[in-house]
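Throughout, read-outs are computed from the coordinates displayed, never taken from laboratory work. The model shown is predicted, which means the values in this text are computed figures rather than measured ones. In this analysis, Cβ positions are derived from the backbone assuming ideal geometry, glycine residues included, and neighbour counts consider all displayed protein chains.
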Number of protein chains: 2
Amino acid sequence: MKQFDKRNLTMVMDFYELTMSNGYFREQDRDTRVAFDVFYRKNPDGGGYSIFAGLEQIIEYIQDLHFDDDDIAYLREQKIFEEDFLEYLRNFRFEGDLYAFPEGTIMYPNEPILTIVAPLIDAQLVETAVLLQVNHQSLVATKASRIVRAAQGRAVSDFGARRAHNMDAAVYGARAAYIGGVNGTATVLSGEMFGIPVGGTMAHSWVMYYEDEYTAFKKYAETYPDGTVLLIDTYDVLKSGVPNAIRIAKEVLEPMGKRLKGVRIDSGDLAYLSKKTRKMLDEAGLTDCQIVASNSLDEYTISSLIDQGGRIDSFGVGERLITSKSEPVFGAVYKISAVKRDGVYQPRIKVSENVEKITNPGLKKVYRIYDETGKAVADLIGKYDEEIDLTKPFRYVDPVAPWRQRTFDNCTGKELQVPIFKDGKLVYKQPSLEEIRAYVKEQMKEEMWPEEQRFENPHVHYLDMTPDYYDMKMELLYEVQK
Amino acid sequence: MKQFDKRNLTMVMDFYELTMSNGYFREQDRDTRVAFDVFYRKNPDGGGYSIFAGLEQIIEYIQDLHFDDDDIAYLREQKIFEEDFLEYLRNFRFEGDLYAFPEGTIMYPNEPILTIVAPLIDAQLVETAVLLQVNHQSLVATKASRIVRAAQGRAVSDFGARRAHNMDAAVYGARAAYIGGVNGTATVLSGEMFGIPVGGTMAHSWVMYYEDEYTAFKKYAETYPDGTVLLIDTYDVLKSGVPNAIRIAKEVLEPMGKRLKGVRIDSGDLAYLSKKTRKMLDEAGLTDCQIVASNSLDEYTISSLIDQGGRIDSFGVGERLITSKSEPVFGAVYKISAVKRDGVYQPRIKVSENVEKITNPGLKKVYRIYDETGKAVADLIGKYDEEIDLTKPFRYVDPVAPWRQRTFDNCTGKELQVPIFKDGKLVYKQPSLEEIRAYVKEQMKEEMWPEEQRFENPHVHYLDMTPDYYDMKMELLYEVQK
């Protein structure tokens, strides 16, 4: 793979990670082990699920985490850190454990998707970068998944680089979109770095550069007879674009034994224009010529175009995918869940006026529970040292209705977090991007109820607890209240 | 300055830049000079202006633009480019001219904020990166300017890194926010790279790590007696946070001869809590203790908090600034405006069904027109070789109402675009970030009508045309129609 990112990204952190770390250092607390969970509270766009993405870049960040001479000099200039702390930072390497869902795992609110168990400072210093990667890539992967679903099997490509929030957003956004299911990207570097199929044909400037549209189309067809896709909306789609495209098919391509691959419409009423265009192409015998549409598309406009009978074979999706325009923030947070004292991990809970903001305390394990047909019926949180035996009926607590007596019968379970780092060493074999993408597809098809995938009022995935875990949480809440 | 970005960003481009360039190369058209304008059509959030930002990173991109061996190898694998074109790319350096508004210039829709006059391929290859930088940084600078305005002189800091769309969005987003007027950032690398003041104190994890809130506050105050800002909402702001903060001020800081600098509230009803907190602090004699508020703030929530009498001295603004959440897309476009044929630049126009999408053709100059008081009354587009003499009444055309007879009287004008690159050489001395920020401030205070700055239904800045330019555009439209 192309060595793209030689940057030292260590300092992409909030300043308070450093003021706190310095505080812990001064208090001689730096080796106390703690646990932090990453979780989020709401699926974007009112959806029923999200896709976990960005783990590969988190691994890269942690492996490379080091403060270079410039960084130390800069921190010294702030005049609030003493030399022994700066010296400590200079030699700092991450030495903690990290557990996470495999990249591409379908995830739901309030469950720990990533857990760090590490010395206090190690856990604190990685907070910002971990959240930033999870938030950005999960956001775009989830949005892509929704858009691909709306397209009902038609191809979807990422055209968004120019509206991305700077370089990384274009490059890693394309990666996340591919994980979420798009078929390709226009961003060349994302193709080069990750092997994502790249594509692209012509802009309006190509058409406007030449004296007239026919000439512009002709030049293009002569250069790319095997993949001619003509942009037909520079002047007038139906009066000029389509007739010229048909002439090119007949006069330029057919004599070479080639077929016109497609036309692209980038403005106007895409439903109306695509239907008219389809009719004109078909009448000219170009039934195999594809129609590509682009221009401010997302899951809502694509659904609407298909509802209206739009004859579109392929969608180019730009700004609304790459910025997740309708909901550009994925709100994953990083909360301390346990502190090791005298050899024991004491659970910590964050209470809040808002009940939904109360955290799930302690070291824990998360399981996905499947019924006999292989569908995921719930996720289950248990204590980290609990045995979960699903070979017989297993009692669980639904924390939304804890009085109900519920059991899992004839179910199987899978632990969702896997070890990524142990004592700072990478112990995880990373899957390829293709494997991650295939894993997403498989879960959506085989494991996730369609009811969780619909856009309107989707089924809410259950997050249940073992009785022991639920009791521990309740006890802690009573205690904090006093 | 820290050498951060050793990445080769060249390939952050849409694939069609390369397919078109190859086409032009094959047609022997690569040296034909053309002009492209960057402009946008709508200010974000229904505002009356935007701030041009990102020029420094555009300059860096263009200066470093080169295809390395990996890039060439990757393009070869695509099997659609011939060796002579790949060889051409391998030796490619940008050789064109670039003109732009100085960074930080207030800008308005439909005027060329950046113009490239260059050989065809040179102009095409930079499109994606130019747009991406303008779109991202102008978006965040403009949002920051609105938020700072809403804060009415209170300090505003960027806390957004963890919700940014990956690394660059955090780092360059903080830069853009600083241009737009925020006072500082929490993102350490942005401080290190750009000299932006950084700040940050503690997270909830600090408070939760210790046995109780008082102990946590005490440890912090002992470590940072000169800048103690305590996060008071981990358990209960009024019952626990404020009382503990007051005890710290009395029991820990005052014996050291120090004052409590501030408290931060990060959840709950910020208006109510800040008023109550202010009262409690004042009654304890801590009238100089500042109140910092954070949690999903933007210009709307800040305006509302101030309207409600919230007693907040300083705002920490995160996701809604760094993603410009209410409008996360800045829609600048890149359109061909002229092609040089037989020594003359022929204007090109993009017509459209939507009248507002018709482009302004030809090589042109843009002036900002000031009245006697120094206020900017309009922007004016003229042909590039026209003399604009404002020492006497100057007739202009308002294209929205071209029948009106209008003149500028007693006005002065300033050409807005300045040369940045000439024949590929940088001819521009870049201002410092502080200078850019001061320039924004000065324009907002001295040049721009407050009527253009209000959030609701702002005055629409006039974009007028010289009679010659207007006639040329009309002629071209008649011609294209035929």
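General observations
- If a spin label sat at a point 7 angstrom from the Cα of B:Lys239 along the line to its beta carbon, the backbone N atoms of the stretch A:344-361 nearer than 13 Å would be those of A:351-354.
- Spatial separation of Cα centroids for the stretch B:69-132 and the stretch B:421-441, in angstrom: 20
- Scattering from the stretch B:289-328 was approximated by placing one identical point on each alpha carbon and applying the Debye formula without solvent; log10 I(q)/I(0) at 0.16, 0.17, 0.20, 0.26 1/Å stands at -0.39, -0.44, -0.58, -0.87.
- Order of A:Cys411, A:Cys289 under a 10 Å beta carbon neighbour criterion, fewest first: A:Cys411, A:Cys289
- A simple spin-label model places the labels of B:Lys375 and B:Trp403 2.9 nm from each other, with each point 7 Å out along Cα-to-Cβ.
- In a fully extended conformation the segment linking B:Leu477 and B:Gln28 would gain 158.7 nm over its present Cα-Cα distance, using 0.36 nm per residue.
- Extension gain, B:Tyr272 back to B:Asp64 (0.36 nm per residue minus Cα-Cα distance, nm): 69.6 nm
- Summing +1 for each Lys or Arg and -1 for each Asp or Glu among the other residues whose beta-carbon sits under 9 angstrom from that of B:Asn410 gives -3.
- Cα long-axis angle, helix A:55-64 against chain A (0 to 90 degrees, to the nearest 10): 60
- In this structure, the amide hydrogen of A:Gln290, modeled 1.01 Å from its nitrogen in the peptide plane, lies closer than 5 angstrom to those of A:Gly262, A:Val263, counting only residues at least 5 positions away or on a different chain.
- Net charge dipole size for the stretch A:201-295 [Lys, Arg +1 and Asp, Glu -1 on Cβ; Debye, nearest 20]: 220
- ³J(HN,Hα) computed for each position of the stretch A:115-131 - Karplus, 6.51 cos²θ - 1.76 cosθ + 1.60, integer Hz, glycine/proline x: 10, 10, 10, 7, x, 3, 5, 4, 5, 6, 5, 8, 3, 4, 5, 4, 5
- Residues within the reach of a label modelled at B:Lys392 (point 7 angstrom out along Cα to beta-carbon, backbone nitrogen below 18 Å), restricted to the stretch B:405-434, are B:406-413.
- Against chain A, whose longest principal axis comes from its Cα atoms, helix A:213-223 is set at around 70 degrees.
- Charge tally in the Cβ shell below 13 Å around A:Ile420, where Lys, Arg are +1 and Asp, Glu are -1, A:Ile420 excluded: -2
- By the beta-carbon count within 10 Å of each Cβ, the least crowded to most crowded order of A:Tyr367, A:Tyr172, B:Tyr370, fewest first, is B:Tyr370, A:Tyr367, A:Tyr172.
- DSSP-loop GluC sites (Glu not before Pro) across the stretch B:163-258, with at most 15 other Cβ within 10 angstrom: B:Glu211
- Volume per residue of the convex hull around the Cα atoms, evaluated for the stretch B:141-322, comes out as 111 Å³.
- Separation between Cα centres of the stretch A:331-352 and the stretch B:374-399, rounded to whole Å: 65
- Proximity of backbone amide H atoms, modeled 1.01 Å from N, is registered between B:Leu297 and B:Gly318, B:Arg320 at under 5 Å, excluding neighbours fewer than 5 places apart on the same chain.
- Pairwise Cα separations in the protein assembly as shown fall into 10 Å bins from 0 onward with the following percentages, short to long: 2, 11, 20, 23, 20, 13, 8, 3, 0, 0.
- The protein assembly as shown: calculated mean residue ellipticity at 222 nm from DSSP helix runs of at least 4, using -39500 (n - 2.57): -10500 deg cm²/dmol
- Exposure proxy order (Cβ contacts within 10 Å, fewest to most) of B:Arg320, A:Arg76: A:Arg76, B:Arg320
- Which listed pairs, of A:Lys261/A:Lys441; B:Lys275/B:Lys325; A:Lys42/A:Lys340; B:Lys143/B:Lys441, have C-alpha distances above 18 Å, in listed order: A:Lys261/A:Lys441; B:Lys275/B:Lys325; A:Lys42/A:Lys340
- Here the Karplus relation 6.51 cos²θ - 1.76 cosθ + 1.60, evaluated at θ = phi - 60°, turns the backbone of the stretch B:365-373 into coupling constants of 10, 10, 10, 9, 9, 10, 7, 5, 8 Hz, with x for every Gly and Pro.
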